[in-house]
Amino acid sequence: MAKSKKPAPKGNETAVAGRFGEAYIAHLLAKKGVVDVVQANSSGFDLLAIDKKGHPLNSNGLSFRPGRLNCISVKDRKIHSKIPLGYNKLKEAAKTWNADPWFGIVISNPPKLSAYLIPLKDARKFSSYSKAKNDYLLSEPSIRDKA
C-alpha cells in the first residue's frame, strides 16, 4: 500500500487507539466467557457488558455481578502516561443506565500490551486526585499488582 502524502487528521491516532482499546477489552472479556459485550456511543462509557454467570475476570476472583448491566469506560495510553479517568462522567452515566461502573485500562509498552478492569469503587484506591484536571489520574505502576 502506498503511503499517503497527506498528514493524518489531528486526533486520528487517538481515535484509532481508543477504538482498538475498546475492541481489545471486549475481546479479553469474550475470552473470559463474557459473551454479551457491545461497543456503545454514550457519554461516560464505551462498552456495555452483561455476564449471566459471573465468570472470574482475573486471578484475584474479580467478576461482574451475574445478570447485571456493566458500563465500561476504556482508556488506552502509553506506559508512562498519567491517565485522566473521567471518574464523575462514568459515575453519572452508570447512575443513568442503572449499571455497575468499570474502567478498562489498556497500556501499550511495545511490543507488550497490558489490560486491567477496575470497578469504579476501587479506582480511587489506585489513583490520585488532580485539582488542575478536576479528575482522578491513574498510572500503570499503581494498578499493576493490585487489579
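Take the Cα of ARG19, step 7 Å toward its Cβ, do the same at ASN109, and the gap between the two points is 2.8 nm. Over the chain, what is the relative contact order in percent, taking alpha-carbon pairs closer than 8 angstrom and at least six residues apart? This gives 18 percent for the chain. Here's the picture: a label point sits 7 Å out from the Cα of GLN39 along the beta-carbon direction, and within region 69-98 the residues with their amide nitrogen under 13 Å of it are 74.
Helix content alone sets the calculated 222 nm mean residue ellipticity of the chain: runs of n ≥ 4 DSSP H residues at -39500 (n - 2.57) each, divided across all residues, give -8500 deg cm²/dmol. Take the Cβ atoms of ALA30 and SER128, set R0 to 22 Å, and the FRET efficiency comes out at 0.10.
Any chance you could give the angle, 0 to 90 degrees and rounded to 10, that helix 12-31 forms with the longest Cα principal axis of the chain? Around 30 degrees separate the two axes. Fully extending the segment from ARG65 to SER81, taken as 0.36 nm per residue of separation minus the present Cα-Cα distance, adds 2.7 nm. Against the empirical curve 2.2 N^0.38 Å, the C-alpha radius of gyration of the chain lands at a ratio of 1.07.
Values in this text are rule-based calculations from the coordinates and carry no lab data. Please read all numbers here as calculations on a predicted model, not as lab measurements. When we count neighbours, we look across all protein chains shown, and the Cβ atoms used for this are built from the backbone with ideal geometry, even at glycine.
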